[in-house]
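These notes concern the structure reproduced below.
The values are calculated or read from the model by the stated rules, or taken from the named source; none is laboratory data. For clarity, every value in this text was computed on a predicted model and none was experimentally measured. Note that each Cβ is placed from the backbone with ideal geometry, even for glycine, and that neighbours are counted across all protein chains shown.
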Amino acid sequence: MPKVNVAHPLTERAWSMMKRRLLSLLETLRIQLDSELLEAAIMRRKMATEEFVVTHCAVLGNIGPVMPSPADYAEFPVLQDLLDPALEQDPSRERLLQEQLLSTFQQSLVLWRDSLAIRIFDSVFPNEIDMALNDKMCKLNLATTFFNCSRRFCAGLLKDMRYPTVLGHSCLTGGNPCTPWSEESIVLDPVVGDLLANILRSCCMDPTVTTHDELVECDPRVFVTSFLSSSVLSSFVVIFLFPLLFFF
Ligand SMILES: [Zn+2]
């Protein structure tokens, strides 16, 4: 039998030799365990906060086309506070923060959505980054400002890529709690933009100032009959007009 399998009393000399390494090992394990417990607590806080947002904040009304995922909570100060693992032992502070969230959420959401809009603008109009914020928002709201998604699996899919609907496009929201909203895949769609400009001109509307809302006020079926000869009509009808026809 090998000597290592034979039990011997722990001597002072053996203990002094292993003590330092044993304490170091225990310390490492303790740090690792603390880290895992903290990670689990953070995950629980994320799930609890997300559930609160979905069940209480999302029903406040007028929430727009996009909601923050837990990966976006850092841009909402109160949501960030609600992720504090210490709240698990402090339910009264958690309730206080939840009340604070309910009273500020809609305003914070509008500010966040505006910041996303500016990110899209700066991404697709890199030469106009210095433009005033109001002017950027006006340009985003133009009827001729139409976007597309550069993701390969998105090509050919029916999608409404006007502002502000584009903010909720699934490639931007990421579709999971760990992925923050990103404008990376958004590009301008000059084909649809030019077509819309031609349609507006044919209706005696100025493409440089007409907003999407003003275009929607017109009956889109009139535009369809005006452009039956257009080679890109089919894509236009599919992308832009076809969904609208259901509302008229
Ligand atoms: Zn996409």
Checklist (1) within 11 Å of the ligand (Cβ to nearest atom); (2) touching a residue at least 60 places away in the same chain (Cβ under 8 Å); (3) touching a Leu at 6+ places or on another chain (Cβ under 7 Å) applied to MET161, failing item: (3)
Members of region 219-232 that are assigned to a helix (DSSP H, G or I) and either at pLDDT 80 or above or among the aliphatic types (A, V, I, L, M) (or both): VAL222, VAL224
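Only one of these is modelled with pLDDT under 90 and either over 27 Å from GLU183 (Cα atoms) or in contact with a Leu (Cβ under 9 Å, 6 or more places away or on another chain) (or both): VAL54, VAL78, VAL66, VAL59. Name it.
Values: VAL54 fails: either over 27 Å from GLU183 (Cα atoms) or in contact with a Leu (Cβ under 9 Å, 6 or more places away or on another chain) (or both); VAL78 fails: modelled with pLDDT under 90; VAL59 fails: either over 27 Å from GLU183 (Cα atoms) or in contact with a Leu (Cβ under 9 Å, 6 or more places away or on another chain) (or both).
One residue alone meets the criteria, VAL66.
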Candidates VAL166, VAL192, VAL216, VAL187, filtered to the one that is outside any loop (DSSP other than H, G, I, E, B), within 16 Å of the ligand (Cβ to nearest atom) and more than 23 Å from SER115 (Cβ to Cβ): VAL192
Just a yes or no: is a residue in region 34-53 β-branched (Val, Ile, Thr), on the phi < 0 side of the Ramachandran plot and loosely packed, with under 10 Cβ neighbours inside 10 Å? no
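Report yes if ALA117 is surrounded by 11 or more Cβ atoms within 10 Å (Cβ to Cβ), away from the ligand (no atom under 16 Å from the Cβ) and of a type in the set (A, V, I, L, M), otherwise no. Break it down into steps so the answer makes sense when it comes.
Values: surrounded by 11 or more Cβ atoms within 10 Å (Cβ to Cβ): yes; away from the ligand (no atom under 16 Å from the Cβ): yes; of a type in the set (A, V, I, L, M): yes.
Considered against the rule, which asks whether it is surrounded by 11 or more Cβ atoms within 10 Å (Cβ to Cβ), away from the ligand (no atom under 16 Å from the Cβ) and of a type in the set (A, V, I, L, M), ALA117 comes out as yes.
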Testing PRO91 on (1) within 22 Å of the chain's Cα centre (by Cα); (2) away from the ligand (no atom under 16 Å from the Cβ), one condition comes back false. Which one is that? (1)
